[in-house]
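**Student:** The structure is given below, and queries will be raised subsequently.
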Amino acid sequence: MFLKHLDLIDTIEIRNSGGVTDLSKFLEVIKSTRGFENVDSLAIIRDAELDATGAFSSICGNLRRSGFSVPGRAFIMAEGKPKISVFILPDCRNPGMLETLCWESVRNDLAISCVEEFFQCVNRNGISLRPNILPKAKIHSFLSSRPRPNLLLGQAAHEGYWPWQSSAFDQLREFLHQMVQYA
């Protein structure tokens, strides 16, 4: 839905690599895909989880092993055929994930104070959540305030629950436009 909002839906093709552990296999498969020689640019976007630097390093290692050019840092495009760029969610620097961006985009929603109260109550009662699942838990709690509370992140996007014009998406928006501009 974000690509549709940016009017890039017909310009960018999305492929799911199946997770962090499968990236090198995915890169090998994508290189052998018919028509890959016509690809101008390749973007890899993944969650930082707890370590944005580590996530970037992991991607670079996979790119190197698969014979692709490697960018010097996230958000910067590496020259070559295809040009390669990496974006680590939420902002190429901090821990987090796609849910972190979505959470930031709804920060001014009336339900947020209720969600925050809930998590304060959970903490006061000695229930601790792992930091790497907290953004997901907060998003699910937020979604429980919507007309269709049982949706997954992408389905919630189709329902219009994420305000794409939010500044939370600015860096990702710029990154995607950059990929198209330099293709």
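The values are calculated or read from the model by the stated rules, or taken from the named source; none is laboratory data. All values derive from a computational prediction rather than experimental measurement. All Cβ positions, even for glycine, are placed from backbone atoms using ideal geometry, and neighbour counts span all protein chains on display.
**Student:** State yes or no: is THR53 out of contact with any strand residue (DSSP E or B) (no Cβ under 9 Å at 6 or more places or on another chain) and in the same structural domain as LEU8 (by TED's automatic domain parsing)?
**Tutor:** No; evaluated as a whole, the condition is false for this residue.
**Student:** What number of residues within the range 124-145 satisfy the criterion of being of a type outside the set (S, T, N, Q), more than 22 Å from the chain's Cα centre (by Cα) and not in a helix (DSSP H, G or I)?
**Tutor:** 2
**Student:** Now a separate question. Take the conditions in contact with a helix residue (DSSP H, G or I) (Cβ under 9 Å, 6 or more places away or on another chain), in contact (Cβ under 8 Å) with a residue 60 or more places away in the chain and assigned to a loop (DSSP other than H, G, I, E, B) and apply them to PHE75. Does it pass?
**Tutor:** Spelling it out, PHE75 is indeed in contact with a helix residue (DSSP H, G or I) (Cβ under 9 Å, 6 or more places away or on another chain), in contact (Cβ under 8 Å) with a residue 60 or more places away in the chain and assigned to a loop (DSSP other than H, G, I, E, B).
**Student:** State whether the residues of the range 172-182 include one that is in a helix (DSSP H, G or I), buried (at least 18 other Cβ atoms within 10 Å of the Cβ), in contact with a helix residue (DSSP H, G or I) (Cβ under 9 Å, 6 or more places away or on another chain) and not assigned by TED's automatic domain parsing to the domain that holds ARG46.
**Tutor:** Within the range 172-182 (the criterion being in a helix (DSSP H, G or I), buried (at least 18 other Cβ atoms within 10 Å of the Cβ), in contact with a helix residue (DSSP H, G or I) (Cβ under 9 Å, 6 or more places away or on another chain) and not assigned by TED's automatic domain parsing to the domain that holds ARG46), the answer is no, since none of the residues qualifies.
**Student:** Can you tell me which residues in the range 56-77 are of a type in the set (Gly, Ala, Ser) and farther than 16 Å from LEU27 by Cα?
**Tutor:** Those that are of a type in the set (Gly, Ala, Ser) and farther than 16 Å from LEU27 by Cα: GLY72, ALA74.
**Student:** Still on this model: When only residues in the range 78-101 that are aliphatic (A, V, I, L, M) and under 13 Å from the mean Cα position of the chain (by Cα) count, which is surrounded by the most Cβ atoms within 10 Å (Cβ to Cβ)?
**Tutor:** ILE88
**Student:** Further, regarding this structure: In the range 15-32, which residues are at pLDDT below 85 and assigned to a loop (DSSP other than H, G, I, E, B)?
**Tutor:** Passing the criteria: ARG15, ASN16, SER17, GLY18, GLY19.
**Student:** Identify the residue in the range 16-49 that is out of contact with any helix residue (DSSP H, G or I) (no Cβ under 7 Å at 6 or more places or on another chain) and of a type in the set (Lys, Arg) and, among all such residues, is surrounded by the most Cβ atoms within 10 Å (Cβ to Cβ).
**Tutor:** So the residue we want is LYS31.
**Student:** Could you say whether any residue in the range 126-134 is farther than 28 Å from GLU28 by Cα and either among the charged types (D, E, K, R) or at pLDDT 95 or above (or both)?
**Tutor:** Yes - at least one qualifying residue is present in the range 126-134.
**Student:** Within the range 62-71, is there a residue that is part of a helix (DSSP H, G or I) and exposed (fewer than 14 other Cβ atoms within 10 Å of the Cβ)?
**Tutor:** Scanning the range 62-71 turns up at least one residue that is part of a helix (DSSP H, G or I) and exposed (fewer than 14 other Cβ atoms within 10 Å of the Cβ).
**Student:** Could you please give the count of residues in the range 14-53 that are in contact (Cβ under 8 Å) with a residue 60 or more places away in the chain, over 18 Å from PHE68 (Cα atoms) and charged (D, E, K, R)?
**Tutor:** Going through the range 14-53 one residue at a time, the tally reaches 1.
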